[in-house]
Amino acid sequence: DLERVAGFGAGLLERLSRLEQPPAFVEVERKTQAGGDRDSVRAYTGTIPDYATEVEGLRLSGVIGGGPADEAGLREGDVIIHFGSQKITNIYDYTYALDAIRVGVPVEVVFLRDGREQRATITPRSRK
């Protein structure tokens, strides 16, 4: 319940504001499972989704300069309609497709630019 969360946050801030000394900083060691954590293996494409525009597919609001999508020739305004074997109709399809790709394995991307279908190959990289 949102009201409970807000009340907890307000109470916590009130208690912190009354402390004479700031709370002690405690560094917590991050533990990973065997084989690494999800962040270390998530493939990076350098695409910036446009969350504001409703289209069939995934419209890009841009790409990260020097990233895999930029190197493949994608740019702002392109609408991804296929990513690998996954048909893309919205951001959720795209997120699902990203989870299925692997670092260093090329992926064919089908996209619309100015209403014309085009193809490119993106080679995802590691985020780290």
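Considering only residues in region 77-118 that are farther than 18 Å from residue 43 by Cβ and among the basic types (Lys, Arg), the one that is most open to solvent (accessible area, probe 1.4 Å) turns out to be 116. Of all the numbered requirements in (1) touching a residue at least 24 places away in the same chain (Cβ under 8 Å); (2) part of a strand (DSSP E or B); (3) surrounded by 13 or more Cβ atoms within 10 Å (Cβ to Cβ), residue 121 misses one, and that requirement is (3). Among residues of region 91-110 that are at negative phi and without any contact (Cβ under 8 Å) to a residue 24 or more places away in the chain, those with a Cβ under 8 angstrom from a residue that is part of a strand (DSSP E or B) and surrounded by 12 or more Cβ atoms within 10 Å (Cβ to Cβ), sequence gap 6+ or separate chain, pair up as 96/86; 97/83; 97/86; 100/86; 106/121; 106/122. Listed by position, the helices (runs of 4 or more DSSP H) inside region 1-76 whose residues that are modelled with pLDDT of 85 or more and open to solvent by less than 90 Å² (accessible area, probe 1.4 Å) number at least 3 are 2-17, 68-72.
For region 40-63, state whether one or more residues are touching a His at 6+ places or on another chain (Cβ under 6 Å) and β-branched (Val, Ile, Thr). No, region 40-63 has no match at all.
The values are calculated or read from the model by the stated rules, or taken from the named source; none is laboratory data. All of these numbers come straight from a predicted model, not from anything done at the bench. In this analysis, Cβ positions are derived from the backbone assuming ideal geometry, glycine residues included, and neighbour counts consider all displayed protein chains. Side chains included, ligands, DNA and RNA excluded: accessible areas come from the protein's heavy atoms. Shrake-Rupley method; radii C 1.70, N 1.55, O 1.52, S 1.80 Å.
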